[in-house]
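Enquirer: Input: one structure, supplied below.
The values are calculated or read from the model by the stated rules, or taken from the named source; none is laboratory data. Here the structure is a predicted model, which means the values were calculated and not measured. These area figures cover heavy atoms from the full protein model, side chains too; ligands, DNA and RNA do not enter into them. Shrake-Rupley method; radii C 1.70, N 1.55, O 1.52, S 1.80 Å.
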Amino acid sequence: MAAIGETQPAKHQEVGHKSLLQSDALYQYILETSVYPREPQSMKELREVTAKHPWNLMTTSADEGQFLNLLLKLINAKNTMEIGVYTGYSLLSTALALPDDGKILALDINRENYEIGLPIIEKAGVAHKIDFREGRALPLLDQMVNDVKFHGSFDFIFVDADKDNYLNYHKRLIDLVKIGGVIGYDNTLWNGSLVAPPDAPLRKYVRYYRDFVLELNKALAVDPRVEICQLPVGDGITLCRRIS
């Protein structure tokens, strides 16, 4: 390992991974010591396939996938939802964590990306847990909110989709997750841009979504219906435990 302060190649960026750690070497240490040795073969295979995709920065990082897998086991989740699937790395992490009769309602506007990972998910023997729906999430969520049988029916919900709709999702998901259940919002530290000065040279998409992420974080911080914890894992994930 090179000395502290020495420039390190951003290895994790080459495969679409995200980290807020300032030292690429330290992040690589975490991956190689704690994450990759424990990563199931199916998740490794899907991660490597996704790395070849031109939009690989959209994928969930391996350390976050490990975190989600353990979290779901800790809360004994059985009925979950995922908004924003991409190739399915976080979806596979969830499916592997759930019991054999567990269920995931998976929503995404692009089935083509999901089908990149589907053969690997099927080979892992967990495809039967997944109910994939192609299309915009909000109309389906509105239908579910209007049907009382879905209220409080989800143990865990993971959101990694269009940041400009995060607050719209939250307004609906708070009714669908059970009291004591958890909603996880991904990318809530948004490339570290939330504390960047106004004239910082940000990429166009980072600047565009930055205000929406800031708005979400402010709203979650004062929402009396949830307890929250914002973690610097991946690109930042905020966990919301519903308490009322």
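Enquirer: Rounded to the nearest 500, what is the chain's calculated 222 nm mean residue ellipticity when only DSSP H runs of at least 4 contribute -39500 (n - 2.57) each, over all residues?
Expert: -11500 deg cm²/dmol
Enquirer: Using θ = phi - 60° and the Karplus relation 6.51 cos²θ - 1.76 cosθ + 1.60, list the HN-Hα couplings for region 173-178 in order, rounded to whole Hz, with x at every Gly or Pro.
Expert: With coefficients 6.51, -1.76 and 1.60, one gets 5, 4, 7, 8, 7, 6 Hz.
Enquirer: Could I ask something else about it? May I ask you to evaluate 6.51 cos²θ - 1.76 cosθ + 1.60, the Karplus curve with θ = phi - 60°, for each residue of region 208-222 and list the ³J(HN,Hα) values in order in whole Hz, giving x for glycine and proline?
Expert: Per residue, the Karplus-derived 3J(HN,Hα) values read 4, 8, 3, 5, 5, 5, 4, 5, 4, 4, 5, 5, 5, 5, 10 Hz.
Enquirer: Above 24 angstrom, tally the Cα pairs of the chain and express them as a % of all pairs, no decimals.
Expert: In whole percent, the long-distance tail amounts to 45.
Enquirer: Which value results for Rg/Rh of region 116-244 when Rg is the Cα radius of gyration and Rh the Kirkwood radius based on the inverse mean 1/r?
Expert: 1.01
Enquirer: Percent of accessible area on the chain owned by carbon and sulfur, 1.4 Å probe?
Expert: 55 percent
Enquirer: Under 16 Å between alpha carbons, and skipping anything fewer than 8 positions from residue 44 in its own chain: which aspartates and glutamates qualify?
Expert: Answer for residue 44, where 16 Å is the Cα cut-off: 14, 32, 63, 64, 122, listed by chain and number.
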